[in-house]
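The values are calculated or read from the model by the stated rules, or taken from the named source; none is laboratory data. Everything numeric in this text was worked out from a predicted model, so none of it was measured. All Cβ positions, even for glycine, are placed from backbone atoms using ideal geometry, and neighbour counts span all protein chains on display. Heavy atoms of the whole protein, side chains included, go into the accessibility calculation; ligands, DNA and RNA do not. Shrake-Rupley method; radii C 1.70, N 1.55, O 1.52, S 1.80 Å.
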Amino acid sequence: MNKEFLYTEIANGIASQIRNGILKAGDKLPSVRKLCLDHQISMNTAKRVFLELESQSLVDSKPQSGYFVSKILSVKLPLPEVSKPSLIANNDEPDELINKIYENIGKKDLTIFSIGIPSGDLLPVAKLKKEIINATRVLKEGGTEYEELQGNVKLRRMIAVRSLQWGGNFHENDLVTTNGGMNALSFCLMALGKPGDTIAIESPCYPGILQLANGLGLKVLELPTHPTTGIEIEALKKVIPKIDLCLLIPNYNAPLGSCMPDENKKEVVRLLSENGIPLIEDDVYGDLYFGPNRPKCCKSFDKEGNVLYCSSISKTLAPGYRVGWIAPGKYKNKILKLKLLHSTSSISIVNEAVANFLKSGKYEKHLQQMRKTLHNNYQNYVQTIAESFPDGTRTSRPQGGLSLWVEFDKSIKTTELYDLAIRENISIAPGRMFTLQNQFENCMRLCIGLPWSEETQLKLRQVGSLAKRV
């Protein structure tokens, strides 16, 4: 067996036992020598196993004693409650609050826990600069000409290749490039909905989706959502007669970080397809998994072309590049018509640079490191929250993505907490901005995409202290 695969397989096996509670916090793991004997591997391979587990914050090494399951894993705060939104469409948009939070983008004097994008410190900026320069040299007329309407062929081909990881099995002709993920969602909503139509979404939900649906005149119906498994299937069944389309983020959604089980994804696709209701799937977080494997998508189970799959590199590689895409299924012609009307062409230099970055293998290496960093961050956030936040605090348990959902006692209002925190140069995202209803006043979303440091930990502890004051 390939050595690279072997050490990864052994590490994944131990990691699975730790995450499933078979190996508990503080348990002693086999020695390097014992691992060599049990698996017939070299000392170097055995050491790589433990290095991999350490990088995921799953084990700690103690000099002269060996390796132990990390005690940080014993910190398990209660889960937030399953959301209970009204199953009547509502459009009470918290515009002022959303604007106040997003005004903080780019402010260097703030610690921004509120915006769900990775810090530039986590991104391969120097390598991307080289790809941009190379793209200007390779493209005809230095990239000043329009691309073809569907987008850069090389980029679409690389996206199609990567879709094999989760059962997408795309061909390059199945894809249309867009100017970022929100542009992809916007095209889908414009193609499928008209003012007065009702759209079903998760609750809580990413604010950009709420604002987009509202702006297009759609009625928004929020579905009860479990913090671990996503929307409640029975609730979706009940509202089928009321809705015209559905938009979900099944993999590590913002803000809960929930991930729908495969059987739920399959049932959602079947249910909507049988009733002629299109599903728009936003998969911008799918590559940021903490476990050994990437989750499947709803598109994996789509046989009718009823799922419009949207994604981008905005959460994984370069938010400012605005590179996204759609696999629109049977709605491809509608999407192409909208792209022609609204943008004509994607940005040729940037798309060529990203295509080459994906083709070189650098993207996958970057993702491997980023996933480890985000998982370590998540563990550190939860540990600090357990130590510093008020009694009764609950947190979600994302298995990937950039979001951590925090639920306080009902007496704590996170809009008030925001006002206190911003005076300390800390920005948080109050829960009310993730809904069109009067709920989640005692919740907030924290982005785990900041580099973990003493300063980050100090700021997070300050949030906890301020929450106690509120």
Q) Would it be correct to say that Ser258 is surrounded by 24 or more Cβ atoms within 10 Å (Cβ to Cβ), touching a Gly at 6+ places or on another chain (Cβ under 6 Å) and touching a residue at least 12 places away in the same chain (Cβ under 8 Å)? A) yes
Q: Inspect the range 448-456 for any residue being within 30 Å of Leu221 (Cα to Cα) and either open to solvent by less than 10 Å² (accessible area, probe 1.4 Å) or over 25 Å from the mean Cα position of the chain (by Cα) (or both) and give the result as yes or no.
A: yes
Q | The one condition in (1) farther than 28 Å from His171 by Cα; (2) of a type outside the set (Phe, Trp, Tyr); (3) part of a helix (DSSP H, G or I) that Ile115 fails to fulfil | A | (3)
Q: Among what's in the range 108-156 and is free of Cβ contacts under 8 Å to residues at least 60 places away in the same chain and within 29 Å of Tyr252 (Cβ to Cβ), pick the residue that is most open to solvent (accessible area, probe 1.4 Å).
A: Lys108
Q: Those residues that are part of a loop (DSSP other than H, G, I, E, B), more than 13 Å from Glu441 (Cβ to Cβ) and either open to solvent by 10 Å² or more (accessible area, probe 1.4 Å) or in contact with a Ser or Thr (Cβ under 8 Å, 6 or more places away or on another chain) (or both), I need them from the range 394-429; list them, please.
A: Ser396, Arg397, Pro398, Gln399, Glu424, Asn425, Ile428
Q) Within the set of pairs 6 or more residues apart or between chains, which connect a residue that is within 20 Å of Arg137 (Cα to Cα) inside the range 352-364 to a residue that is hydroxyl-bearing (Ser, Thr, Tyr) and open to solvent by less than 30 Å² (accessible area, probe 1.4 Å) with Cβ atoms less than 8 Å apart? A) Phe357/Tyr363
Q. What pairs can you find where one residue is in the range 322-348 and within 16 Å of Val153 (Cβ to Cβ), the other is modelled with pLDDT of 95 or more and surrounded by fewer than 18 Cβ atoms within 10 Å (Cβ to Cβ), and their Cβ atoms are less than 7 Å apart, with a gap of 6+ or different chains?
A. Leu336/Leu149; Lys339/Leu149
Q: Please determine, by comparing only the residues of the range 339-348 that are touching a helix residue (DSSP H, G or I) at 6+ places or on another chain (Cβ under 8 Å) and crowded, with 20+ Cβ neighbours inside 10 Å, which one is modelled with the highest pLDDT.
A: Lys339
Q. Among the residues of the range 276-293 satisfying the criterion of being over 11 Å from the mean Cα position of the chain (by Cα) and at pLDDT 95 or above, which is surrounded by the fewest Cβ atoms within 10 Å (Cβ to Cβ)?
A. Gly276
Q. Do you know which residues across the range 194-224 are open to solvent by 10 Å² or more (accessible area, probe 1.4 Å) and either among the basic types (Lys, Arg) or closer than 19 Å to Ser83 by Cα (or both)?
A. Lys194, Tyr206, Lys219, Pro224
(Q) Being surrounded by 12 or more Cβ atoms within 10 Å (Cβ to Cβ) and not in a helix (DSSP H, G or I) is the filter here; which residues of the range 157-170 pass it? (A) Gly167, Gly168, Phe170
